[in-house]
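Novice: Mind looking over this structure? Questions follow.
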Amino acid sequence: MPRELRPLVRALAMTPTELAGRPAWRTAAVVAAVLGVGPHRARRAADTLLEASGASRVLVVGLAGACDARLRVADVVAPASVVRATGGQAFEPDGSIFGSSGVARQGILATVDRIGDPVPHGATLVDMETAAVAEACVARSVPWDVRRAVSDVPGGLPAGIEAVLRPDGGADVAALARLLSRRPGAALALVRLGRDAGRAVRAVTAEALALLDDSR
């Protein structure tokens, strides 16, 4: 989502550009772009960006929900495996293509179609994009890796939040107003979620910067 990318763009002083009609940012060595929300949108974006950029390696960064109660907000995870919840396809990140930041490789990241969908048994984290990007990379023999920071822990998402999230990652204001009119108490949960997401974005940005700096 744009919120997940902006701090990285600022830290690397990236220049706005365009790839195959999509907004993107770049330096001499790095190209960054937003995928959108959901595996189908992420796959289309990944196909387009890989084709247009000619990337030799891919790093997926962003936020994820924790399935493991031992994880805390802003913990950064380097999953050992990524699984598509629908279909069960598994993908293994390549830990050799970027530098080392000291984050241990652990757990399973499950990619679901929608917020609240069931995840495979044993999943550590859940997101909505990484497996789709991995699939696009594997199809082109492009090595890839992923880092996700925890933005919410089990039970931390307010009911109905899935209706508020737009495909570009922003908030649907009308849907938000409807949610709050039905459940005024959700306002505090949304404020907390926004604060926690900010902490997680800062954590995963620092991780991405460390990996990119060490791999140059």
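Novice: Inspect the range 98-109 for any residue being out of contact with any helix residue (DSSP H, G or I) (no Cβ under 7 Å at 6 or more places or on another chain) and modelled with pLDDT of 95 or more and give the result as yes or no. Before the answer, list the steps.
Specialist: Residues of the range 98-109 out of contact with any helix residue (DSSP H, G or I) (no Cβ under 7 Å at 6 or more places or on another chain): 102, 104-108.
Checking the rest, the ones that are also modelled with pLDDT of 95 or more come to 107-108.
Yes: one or more hits.
Novice: For the condition within 27 Å of residue 155 (Cβ to Cβ) and over 14 Å from the mean Cα position of the chain (by Cα), what is the one hit in 75, 68?
Specialist: Result of the check over 75, 68: 68.
This table checks each residue for (1) touching a residue at least 12 places away in the same chain (Cβ under 8 Å); (2) surrounded by 13 or more Cβ atoms within 10 Å (Cβ to Cβ); (3) under 18 Å from residue 38 (Cα atoms).
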position: 84; (1), (2), (3): yes, yes, yes
position: 102; (1), (2), (3): no, no, no
position: 107; (1), (2), (3): yes, yes, no
position: 115; (1), (2), (3): yes, yes, yes
position: 132; (1), (2), (3): yes, yes, yes
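Results for (1) touching a Leu at 6+ places or on another chain (Cβ under 8 Å); (2) modelled with pLDDT under 95; (3) surrounded by 14 or more Cβ atoms within 10 Å (Cβ to Cβ), shown as yes or no for each residue.
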{"position": "154", "(1), (2), (3)": "no, yes, no"}
{"position": "160", "(1), (2), (3)": "yes, yes, yes"}
{"position": "179", "(1), (2), (3)": "no, yes, yes"}
{"position": "182", "(1), (2), (3)": "no, yes, no"}
{"position": "187", "(1), (2), (3)": "yes, yes, no"}
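Novice: Inspect all residues belonging to the range 193-216 and state whether any of them is modelled with pLDDT of 75 or more, closer than 24 Å to residue 55 by Cα and over 18 Å from the mean Cα position of the chain (by Cα).
Specialist: yes
Novice: Just to check your reading of the model, which residue among 114, 105, 41, 57 is out of contact with any Phe, Trp or Tyr (no Cβ under 8 Å at 6 or more places or on another chain) and under 26 Å from residue 19 (Cα atoms)? First the steps, then the outcome.
Specialist: On the way: 114 fails: under 26 Å from residue 19 (Cα atoms); 105 fails: under 26 Å from residue 19 (Cα atoms); 57 fails: out of contact with any Phe, Trp or Tyr (no Cβ under 8 Å at 6 or more places or on another chain).
Exactly one of 114, 105, 41, 57 is out of contact with any Phe, Trp or Tyr (no Cβ under 8 Å at 6 or more places or on another chain) and under 26 Å from residue 19 (Cα atoms), namely 41.
Novice: In addition: So which pairs qualify, if the first residue must be in the range 62-76 and over 17 Å from residue 206 (Cβ atoms), the second must be modelled with pLDDT under 95 and not in a loop (DSSP other than H, G, I, E, B), the Cβ gap must be under 6 Å, and the two must be at least 6 apart or on different chains?
Specialist: Hits for this filter: 65/152.
The values are calculated or read from the model by the stated rules, or taken from the named source; none is laboratory data. Since we're looking at a predicted model, the values are computed, not measured. Reconstructed Cβ throughout: ideal geometry from the backbone, glycine too, with neighbour counts over all protein chains shown.
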